[in-house]
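Following: one structure in structure tokens, then a few remarks.
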Amino acid sequence: EGATPLRNEHGTAPGIQMRIERAGGAPCWFFALPGVPAEMNPMWHETVAPAILAARGEARVIRRLLEGYKSYRVQHAKDGWEGLAVARQNLPDLIVTDLTMPGMDGFETCRRLKTNAGVAQVPVIFLTGLTETEHVVHALGSGGVHYLTKPINMDELRARIRVHLTNARSAQSAR
């Protein structure tokens, strides 16, 4: 995109900002100090739009939620089985799923995700019409980080997504 002032806790420096489209159209930004090789550049880093995996009917909700937002990549799965496969193949940053799905319900999908070392740290948010306390307890016990009942308040869902993405990135950085 051209020369851009780069700011951090130490001040401002001239820099280069490049936007590259990856496979699937996911934007990827690179920042660098001019004239310094990438491997020696302390400011060289890549930021990739977070990926959200939406299982079953939640894909429609997520699409509506993210209309106008280009800062997320949304992956879709038609059921729990496909959700497991997609999550293992293209590790998402967050998963949003329903509890009532054909074949394998959301409880079992989440439990299986959490037993897979490569996917276990990915936060799972449940969106569901099930409102009984026993369902909430079971969902959180299966590894979910949050439980929202329908009708979904879109502002609350956006806030939950931001919080859990931020927490997941912080936890990943700490490892």
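The values are calculated or read from the model by the stated rules, or taken from the named source; none is laboratory data. Computed from a prediction, not measured in an experiment: that's the story for all the values here. Positions of Cβ are generated from backbone atoms using ideal geometry, with glycine treated the same way; all protein chains shown enter the neighbour counts. Keep in mind that these areas ignore ligands, DNA and RNA; they rest on the heavy atoms of the full protein, side chains included. Shrake-Rupley method; radii C 1.70, N 1.55, O 1.52, S 1.80 Å.
Overview of results
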{"read-out": "From Leu94, Leu130, residue being of a type outside the set (Val, Ile, Thr) and open to solvent by less than 30 Å² (accessible area, probe 1.4 Å)", "value": "Leu94"}
{"read-out": "Number of the condition not met by Ser173 [criteria: (1) open to solvent by less than 80 Å² (accessible area, probe 1.4 Å); (2) under 17 Å from the mean Cα position of the chain (by Cα)]", "value": "(1)"}
{"read-out": "Checklist (1) among the charged types (D, E, K, R); (2) at pLDDT below 95; (3) open to solvent by 50 Å² or more (accessible area, probe 1.4 Å) applied to Lys114, failing item", "value": "(2)"}
{"read-out": "All positions within region 74-91 that are in contact with an Asp or Glu (Cβ under 9 Å, 6 or more places away or on another chain) and either at positive phi or open to solvent by 20 Å² or more (accessible area, probe 1.4 Å) (or both)", "value": "His76"}
{"read-out": "Gly144 being loosely packed, with under 12 Cβ neighbours inside 10 Å and either under 16 Å from Val61 (Cβ atoms) or without any contact (Cβ under 8 Å) to a residue 60 or more places away in the chain (or both)", "value": "no"}
{"read-out": "Region 89-111, subset closer than 23 Å to Thr149 by Cβ and among the acidic types (Asp, Glu), residue modelled with the lowest pLDDT", "value": "Asp98"}
